[in-house]
Amino acid sequence: MADEVSVLIVDDSALMRNLIGRMVEAAPGLVIAEKAMNGVFALQKIPRVNPDVIILDLEMPEMNGIEFLKERKKQGIKIPVIILSSIARRGAEITMEALALGASDFIQKPSGSVSEDVGSVKDILIPMLLGYGGQYRRLMGKKVLSPGEYAKKPETPAPDAGIFHRPAAGTAPAAPPGQIRKPGKTEIIAIGISTGGPDALRAVFSELDADLQVPILVVQHMPAGFTNEFAKSLDRLCPLEVKEAEDGDLIRPGRILIAQGNKHLEVERKSLSGVARLSDAPQVSGHRPSADVLFASVAMAYTNHALGVIMTGMGRDGAQQLGNIYKEGGMTLGQDESSAVVYGMPRVAWELGHVQEQVSLDNMARRICSIAKTTR
């Protein structure tokens, strides 16, 4: 179908190309544009097949993923790239280098390149391809399948996947919860984000004011082994300090803490400063770290002195407990539909009435700083 998102698969493993290819072929709204065994062949095929999104392995002969991304940048190719990465430390470093070179996002590659475990990434990969590929098609003025067209397909994911269910024009959210108290001066900012997050956080953090004196805590759904390198990559472009959260870290002005992969992030309010606490408690809303856990903790500790922000991501993590920040008298923002790669988490929060204001990605940093600097 001409309106489907076309995918270029670049991997030196024939089995991996076939396994991923079968996932793409089975998914409504996706079609294989072409396959390539390394970066050289991929670059040769791009002008001919004009894909909407690229899946890229990092370790390949002749031209690896990093070299491909450098050449892509040199040639001015804007097609979004999703990295297939291993979980090893070296893999994390290379993955973050790939993101810095313009890759949009990444997913874990199974530990063995010939493993059938690749099927476990399907639930993440397919919405990611549809999100980034659909966004690129819209940017290029191409048609994207409508929700109704997806609904005709037998394998369409449930609405909670967040990408297929779009609110009808004029749909009103639920009535917002009553507030216990009026908003006070913002003393902490909590952000929940998932699929599409690496790109979005880079965009927001690079535009934050250097004199922002309100600490920020972030839950980005990301596996263990990657969040430390991710925090370092954000620190290089953000005017504020960015680091991976450690248990006992002070929550202080001008500091951004990123939740560790596979650890919940909560806050403890002390007389002089807030303190970050990490937890191995069970998953909440299907995740650890969970935005719901962070938002609930922030609402309890900071009441009406908190700003909660929910951004691009599949599912509904954070949507429920963002309402607690609102109830306590805090402020809440949600990323808008047009700028979210996957309008899932912010959609659910909006429909629950837990989002006071929807904000585009381009305006998010400016709005966060404006609210944080307002004395109420």
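Before moving on, here are some points about what is shown:
- By the count of neighbouring beta-carbon atoms within 10 Å, fewest first, ASP336, ASP3, ASP235, ASP280 end up ordered ASP280, ASP3, ASP235, ASP336.
- Taking Cα atoms only, the orientation of helix 291-302 departs from the longest principal axis of the chain by about 20 degrees.
- Table column - 3J(HN,Hα) (Hz), the stretch 310-318, Karplus curve with 6.51, -1.76, 1.60, x for Gly and Pro: 10, 10, 2, x, 6, x, 9, 4, x
- Sequence ranges 124-136, 43-55, ranked by mean other-Cβ count within 10 angstrom, highest first: 124-136, 43-55
- Positive-end residue of PHE230, ALA340, LEU278, charge dipole of the stretch 188-372 with Cβ unit charges: LEU278
- Residue exposure sequence - LEU101, LEU272, LEU265, LEU212 - by fewest surrounding Cβ within 10 Å: LEU272, LEU101, LEU212, LEU265
- Cα pair count fraction exceeding 27 Å, expressed as % - the chain: 46 percent
- Using θ = phi - 60° in the Karplus curve 6.51 cos²θ - 1.76 cosθ + 1.60, the 3J(HN,Hα) couplings for the stretch 357-371 round to 8, 8, 10, 6, 4, 4, 9, 5, 4, 5, 6, 4, 5, 5, 5 Hz; x is entered for Gly and Pro.
- Our note on the geometry: Cα centres of the stretch 249-291 and the stretch 299-320, 13 Å apart.
- Dipole size of the stretch 188-372 about its Cα centre, with +1 on Lys/Arg Cβ and -1 on Asp/Glu Cβ: approximately 200 debye, rounded to the nearest 20.
- For the stretch 239-334, the gyration tensor built on C-alpha atoms gives a rounded shape. Its axis ratio a/c (a ≥ b ≥ c) stays under 1.5.
- Cut-off under 5 Å, modelled amide H: who pairs with VAL7 long-range: VAL31, ILE32, ALA33, GLU34, ASP52
- Exceeding the 21 Å Cα-Cα cut-off - candidates LYS78/LYS143; LYS78/LYS109; LYS185/LYS263: LYS78/LYS109; LYS185/LYS263
- Per-residue [θ]222 nm for the chain (sum of -39500 (n - 2.57) over DSSP H runs n ≥ 4, rounded to 500): -10000 deg cm²/dmol
- Dipole in debye (nearest 20) - the chain, about Cα centre, beta carbon charges: Lys, Arg +1; Asp, Glu -1: 820 debye
- Rounded tilt (10° steps) of 89-100 against the dominant C-alpha axis of the chain: 90 degrees
- Cα gyration tensor category, rounded, prolate or oblate, for the stretch 188-372 with a/c compared to 1.5: rounded
- Choice from ARG137, ARG255, ARG181 showing the highest fluctuation, given a GNM over the chain with Cα pairs closer than 10 Å: ARG181
Readers should treat all values here as calculations from the given coordinates under stated rules, not as data from a laboratory. Nothing here was measured: the structure is a model prediction, and the numbers come from that model. Note: ideal-geometry Cβ built from the backbone for every residue, glycine included; neighbour counts use all protein chains shown.
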